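Here the structure is laid out as structure tokens; the discussion comes afterwards.
The values are calculated or read from the model by the stated rules, or taken from the named source; none is laboratory data. Everything numeric here is computed off the predicted structure, so don't read it as measured data. Glycine gets a Cβ as well: all are built from the backbone with ideal geometry, and neighbour counts include every protein chain shown. Ligands, DNA and RNA are stripped out before the accessible areas are found, and what is left, the full protein with its side chains, is counted by its heavy atoms. Shrake-Rupley method; radii C 1.70, N 1.55, O 1.52, S 1.80 Å.
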Amino acid sequence: MSSKPANESAIFNTFARAPVSFERGEGVRLFTEQGDEYIDFAAGIAVNALGHAHPHLVKALNDQASKLWHVSNLYEIPGQEMLAKRLCNATFAEKVFFTNSGAEALECSLKTARRFHFNNGNPERVEILTFEGAFHGRTLATIAAGGQEKYLEGFGEKTPGFIQLPFLDEDALDAAINENTAAILIEPVQGEGGIRPVPASFLRRIRELCDENGLLLIYDEIQTGVGRTGKLFAYQWSGAAPDIMAIAKGIGGGFPLGACLATIEAAEGMTVGTHGTTFGGNPLAVAVGNAVLDVVLEEGFMDRVQQSALYLRQQLAELSDAFPDLIEEIRGEGLLLGIKCKIPNVKVVTAFREAGLLSVPAGENVVRLLPPLIVSVDDIREAVEKMQAAMTKLKNTEKQD
Ligand SMILES: *Cc1c(COP(=O)(O)O)cnc(C)c1O
């Protein structure tokens, strides 16, 4: 091999990183070492649900850190049991498996669904139906589930057993179900795909189809969960509960934590030895997970999220009216909002950042706004002023082009 190039980053080149780094955060704000301040409407891509350095989370992590970090799932972990019970009490679920990431939560969900059918004497039922525009993670199985060519290319044969259907196409869904179908997998709002909400009526129709055909319904609520849409989980707006659900991102508030939630029946095949994890649900992670739930399950918390979301939505509608040449539409649910742009979305993300506001690009030329759930009306007002300033600049440069 050649000698090592001197200026080459020692990190894989997989990320197109913005040229900025942060030293500390507080609430919805991030600060660079030079003292520059940003309003964080990226929130680590819907991870920092309670913003940065939330005192309750800091205390939970510090208290746990001075007692016990890790012991392995060879032993009972009381914080895990408690977090699982609380998640079950607040949802459809009765059983929980903890992971470190979203993709792992999805892997567990997929394995649970196949294993359910295997356990019921139907080992041929392995096919998982998914939808165009979906994003389910970057492992070999979850890129197959997501079905996006750009993520599959060059990684060998696509993991079999995933059938992708056109988004919201009921006829295609009806036609795709057969004796080999195991489950239907869907995000209640597509996140990476461009903030595309699935109508409640479609989720209810999927629920019916699953019941009629003995299929399991899997929700990917990795991005939509933990209050992001103004309810603890997005499916709770629709009344169509799943059998299995993958969560991650917000549940750890910045500590790596995910989970697969399931009904007792759906989890029946996952017997001793069928699945495992070294780090998943370790004492540090579940201490923070419990602390996140302390806050988001507090009386009135979701009402405040819904109010902030409504205010942001109204402000964005005004922004859209003011810049019809740059903005096509505003879409999304709760604090999972998207600006569909008429100019390249990365230009808008860059202009926002230069104005001191962080956002995230998504599919379909959308700019994602995912503020921490604790965002205040004043924060929103300030963020929208930054968006106006950025849009005005963009409008002027577009004219010159
Ligand atoms: C982020 C995300 C994932 C993947 O989570 P990782 O923690 O990056 O593995 C899967 N599905 C959805 C909907 C996501 O937003």
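Within region 349-400, can you find the residues that are touching a Gly at 6+ places or on another chain (Cβ under 6 Å) and outside any helix (DSSP H, G or I)? Give the steps one after another, and end with the answer.
The first filter runs over region 349-400 and keeps only residues touching a Gly at 6+ places or on another chain (Cβ under 6 Å), leaving 362-364, 366, 368, 372-374, 386.
Those that are touching a Gly at 6+ places or on another chain (Cβ under 6 Å) and outside any helix (DSSP H, G or I): ALA362, GLY363, GLU364, VAL366, ARG368, PRO372, LEU373, ILE374.
Mind checking whether some residue in region 297-314 is within 16 Å of the ligand (Cβ to nearest atom), in contact with a strand residue (DSSP E or B) (Cβ under 7 Å, 6 or more places away or on another chain) and either within 28 Å of PHE92 (Cβ to Cβ) or not in a helix (DSSP H, G or I) (or both)? Within region 297-314, not a single residue is within 16 Å of the ligand (Cβ to nearest atom), in contact with a strand residue (DSSP E or B) (Cβ under 7 Å, 6 or more places away or on another chain) and either within 28 Å of PHE92 (Cβ to Cβ) or not in a helix (DSSP H, G or I) (or both).
If you take the residues in region 275-324 that are of a type in the set (Val, Ile, Thr) and over 23 Å from GLU385 (Cβ atoms), which one is most open to solvent (accessible area, probe 1.4 Å)? Quick ask: steps written out before the conclusion?
Initial filter on region 275-324 (of a type in the set (Val, Ile, Thr)): 277-278, 286, 288, 292, 295-296, 305.
After this cut, where a residue has to be over 23 Å from GLU385 (Cβ atoms) as well, the list is 277-278, 286, 288, 292, 295-296.
Details: THR277: 38, THR278: 91, VAL286: 2, VAL288: 7, VAL292: 0, VAL295: 16, VAL296: 4 Å².
The residue in question is THR278.
Is it fair to say THR99 is in contact with a Cys (Cβ under 7 Å, 6 or more places away or on another chain), of a type in the set (Ser, Thr, Tyr) and at pLDDT 95 or above? Here the answer is yes, as THR99 does meet what is asked.
Identify, please: which residue in region 186-213 is more than 16 Å from the ligand (Cβ to nearest atom), of a type outside the set (S, T, N, Q) and open to solvent by 30 Å² or more (accessible area, probe 1.4 Å) and is, among those, farthest from GLY44 (Cα to Cα)? It would help to see each step written out before you state the result.
Of region 186-213, the ones more than 16 Å from the ligand (Cβ to nearest atom) are 199-202, 204-213.
If we keep only those that are of a type outside the set (S, T, N, Q) as well, we get 199-200, 202, 204-212.
Then keep just the ones that are open to solvent by 30 Å² or more (accessible area, probe 1.4 Å); that gives 199-200, 204-205, 207-208, 211-212.
Numbers: PRO199: 26, ALA200: 27, ARG204: 31, ARG205: 33, ARG207: 32, GLU208: 35, ASP211: 36, GLU212: 39 Å.
Among residues in region 186-213 that are more than 16 Å from the ligand (Cβ to nearest atom), of a type outside the set (S, T, N, Q) and open to solvent by 30 Å² or more (accessible area, probe 1.4 Å), the one farthest from GLY44 (Cα to Cα) is GLU212.
Here PHE97 passes the criteria (1) more than 16 Å from the ligand (Cβ to nearest atom); (2) open to solvent by 20 Å² or more (accessible area, probe 1.4 Å) except the one numbered (1). For region 162-185, a residue qualifies if it is over 23 Å from the mean Cα position of the chain (by Cα) and either among the hydrophobic types (A, V, I, L, M, F, W, C) or open to solvent by less than 40 Å² (accessible area, probe 1.4 Å) (or both), and the qualifying residues are ALA172, LEU173, ALA175, ALA176, ILE177, THR181, ALA182.
Only one of ALA60, ALA43 is over 24 Å from GLY230 (Cα atoms) and surrounded by 10 or more Cβ atoms within 10 Å (Cβ to Cβ). Can you tell me which? So the residue among ALA60, ALA43 that is over 24 Å from GLY230 (Cα atoms) and surrounded by 10 or more Cβ atoms within 10 Å (Cβ to Cβ) is ALA60. Given the conditions (1) open to solvent by 30 Å² or more (accessible area, probe 1.4 Å); (2) of a type outside the set (Asp, Glu); (3) farther than 30 Å from HIS54 by Cα, report the number of the one that ILE327 does not fulfil. With (1) open to solvent by 30 Å² or more (accessible area, probe 1.4 Å); (2) of a type outside the set (Asp, Glu); (3) farther than 30 Å from HIS54 by Cα applied to ILE327, the lone miss is (1).
All conditions but one from (1) touching a His at 6+ places or on another chain (Cβ under 8 Å); (2) open to solvent by less than 50 Å² (accessible area, probe 1.4 Å) apply to PRO123; the one that does not is (2).
A quick yes/no check of all residues on (1) among the aliphatic types (A, V, I, L, M); (2) within 17 Å of GLN190 (Cα to Cα):
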residue: ARG138; (1), (2): no, yes
residue: TYR151; (1), (2): no, yes
residue: LEU168; (1), (2): yes, yes
residue: ASP174; (1), (2): no, no
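When you look at ASN48, is it at pLDDT below 95 and not in a helix (DSSP H, G or I), yes or no? No: the conditions fail for ASN48.
Is one or more of the residues making up region 230-240 part of a loop (DSSP other than H, G, I, E, B) and within 11 Å of the ligand (Cβ to nearest atom)? Outline the logic, then answer.
As a first pass, look at region 230-240 and keep what is part of a loop (DSSP other than H, G, I, E, B): 230-233, 238-240.
Of the ones still in play, those that are also within 11 Å of the ligand (Cβ to nearest atom) are none.
The answer is no, given that none of the residues of region 230-240 is part of a loop (DSSP other than H, G, I, E, B) and within 11 Å of the ligand (Cβ to nearest atom).
Among the conditions (1) open to solvent by 50 Å² or more (accessible area, probe 1.4 Å); (2) in the same structural domain as ALA105 (by TED's automatic domain parsing); (3) touching a residue at least 60 places away in the same chain (Cβ under 8 Å), the only one that VAL272 does not satisfy is (3). If you take the residues of region 127-159 that are among the aliphatic types (A, V, I, L, M) and not in a strand (DSSP E or B), which of them is farthest from the ligand (Cβ to nearest atom)? The extreme case among them is LEU152. Within region 78-92, the set of residues being in contact with a helix residue (DSSP H, G or I) (Cβ under 6 Å, 6 or more places away or on another chain) and open to solvent by less than 30 Å² (accessible area, probe 1.4 Å) comprises GLY79, LEU83. Residue under question is LEU216, and the condition is that it be within 16 Å of the ligand (Cβ to nearest atom), among the hydrophobic types (A, V, I, L, M, F, W, C), at pLDDT 95 or above and in contact with a Phe, Trp or Tyr (Cβ under 8 Å, 6 or more places away or on another chain); does it hold? Judged against the criteria, LEU216 is not a match.
Could we say that ALA141 is among the small types (Gly, Ala, Ser), closer than 26 Å to GLY250 by Cα and open to solvent by less than 10 Å² (accessible area, probe 1.4 Å) here? Give the derivation first.
Details: among the small types (Gly, Ala, Ser): yes; closer than 26 Å to GLY250 by Cα: yes; open to solvent by less than 10 Å² (accessible area, probe 1.4 Å): no.
No, not satisfied.
Among the residues of region 241-269, write down those that are open to solvent by 10 Å² or more (accessible area, probe 1.4 Å), within 11 Å of the ligand (Cβ to nearest atom) and outside any loop (DSSP other than H, G, I, E, B). Passing the criteria: only LYS249.
Among the residues of region 38-58, is there at least one that is within 16 Å of the ligand (Cβ to nearest atom), out of contact with any Ser or Thr (no Cβ under 6 Å at 6 or more places or on another chain) and among the acidic types (Asp, Glu)? Within region 38-58, not a single residue is within 16 Å of the ligand (Cβ to nearest atom), out of contact with any Ser or Thr (no Cβ under 6 Å at 6 or more places or on another chain) and among the acidic types (Asp, Glu). Tallying residues that are near the ligand (Cβ under 9 Å from one of its atoms) and surrounded by fewer than 22 Cβ atoms within 10 Å (Cβ to Cβ) within region 102-116 yields 0.
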